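To start, the structure under review is shown below, and the notes come after it.
The values are calculated or read from the model by the stated rules, or taken from the named source; none is laboratory data. Note that the structure is predicted; figures quoted are calculated from it, not measured. For neighbour counting, all protein chains shown are included, and Cβ atoms are generated from backbone atoms with ideal geometry for every residue, glycine included. For accessibility, only protein heavy atoms count, side chains too; no ligands or nucleic acids. Shrake-Rupley method; radii C 1.70, N 1.55, O 1.52, S 1.80 Å.
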Amino acid sequence: MTHSLSRSCPSGTDLRPFGTVITAAVPGTSLGDIAIDGLLETALSAKVVVLRGYELLGIEELESYCAAAGEILRWDFGAVLDLDVRDDPQNYLFDSGDVPFHWDGAFAAHVPSFFLFQCVTGSPAGAGGETVFCDSVTVYDEAPEELRELWRRTTVTYRTDKLAHYGGLLTSPLLGTHPATGETVIRYAEPLDPARYLNPLFLTVEGVSPEDASYVMEDLAIRLHDPKYCYTHHWDSGDIMIVENHGLLHGRNRFTGSTRRRLQRIQII
Ligand SMILES: [Fe+2]
């Protein structure tokens, strides 16, 4: 594996409505052949970078590759999370249902700037399980000013039991500032109804009237899912993806067919 920091990231082809896909020019090229700094720089501007045709890294290689760019977020399972559908899940991340929008690291000591997925086993066409990314910067930019004014006053308290690697109580303003670009971002995790989800997530909206709180939540449930703000990724085996976490929200469509899909995820602070 080479870490040539002087080598820039190859250029890619645009995805819609945002993101870029880079295909390996030479078969057998490894993720480790792309300079991590250049890759993260591209991810910061494109928001999502998909790499195709690159060989995946082993767990230890992946950790050292990402650690060259910044501190790795560590959990009780370690740095690399296996995302798969389990026989006896305690958390909705590991069942076959959908995963509502959220941002990674909300309950962690540090919110990661980027996360990287490697797809060990992809999904057959039509099996669902796509990952969906919402560009919250553009959602904010295109929202009417009276709504943005309401958002500015809105604070959300989230509560969930720690049944997987995260949990607890978190109070967060609905709007934040992107630490790298200075743009306004929406930080919102959608509620998880206990009737539908293992490990539910309860929200208390404060700073606005109860009527406005209901309006904010009902509006976000529609606005954030507008396809013009969302990139939906169907996973093929061998896909690698680098995601900018501060500006995007993400979630997963439910599986409608095979649940063999397996991803590995690592987060860079
Ligand atoms: Fe996530």
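Structural descriptor for the chain: relative contact order 33 percent, calculated from alpha carbon pairs under 8 angstrom and at least 6 residues apart. Within region 94-196, which GluC sites (Glu not before Pro) sit in a loop by DSSP and count at most 16 neighbouring Cβ atoms inside 10 Å? The qualifying sites are GLU183. For region 97-243, relative contact order (Cα pairs under 8 Å, six or more residues apart, normalised by length) works out to 39 percent.
Normalised per residue, the accessible area of the chain is 44 Å², obtained with a 1.4 Å probe and no contribution from ligands, DNA or RNA. With viscosity set to 0.890 mPa s at 25 °C, what whole-number translational diffusion coefficient in µm²/s follows for the chain from Stokes-Einstein and a Kirkwood radius over Cα pairs? Using the Kirkwood radius from Cα pairs, D works out to 128 µm²/s. Dipole orientation for region 75-231: of the candidates ALA108, LEU83, TYR140, ALA108 has the Cα lying most toward the positive pole (charges on Cβ; Lys, Arg +1; Asp, Glu -1). Taken along the Cα-to-beta-carbon direction at a fixed 7 Å, the label points for HIS178 and ILE222 span 2.7 nm. Note on the chain: with charges restricted to the Cβ of Lys and Arg (+1) and Asp and Glu (-1), its dipole about the Cα centre is near 300 debye. Calculated on the alpha-carbon coordinates, the convex hull of region 120-269 measures out at 136 cubic angstrom per residue. Its DSSP H runs of at least 4 residues, each contributing -39,500 (n - 2.57), put the calculated 222 nm mean residue ellipticity of the chain at -5500 deg cm²/dmol, to the nearest 500. Whole-Hz Karplus values for region 53-65 come out as x, 9, 6, 6, 9, x, 4, 5, 4, 4, 4, 6, 4 Hz, taken residue by residue from phi with 6.51 cos²θ - 1.76 cosθ + 1.60 and θ = phi - 60°; glycine and proline positions read x.
Remark: region 245-258, residue by residue, has Karplus-estimated 3J(HN,Hα) of 8, 6, x, 9, 10, 8, x, 9, 6, 5, 6, 10, x, 3 Hz, where x stands for each Gly or Pro and the curve is 6.51 cos²θ - 1.76 cosθ + 1.60 at θ = phi - 60°.
Taking all protein chains in place and a 1.4 Å probe, what share, in percent, of the accessible surface of the chain do carbon and sulfur account for? Its accessible area is 50 percent carbon and sulfur atoms.
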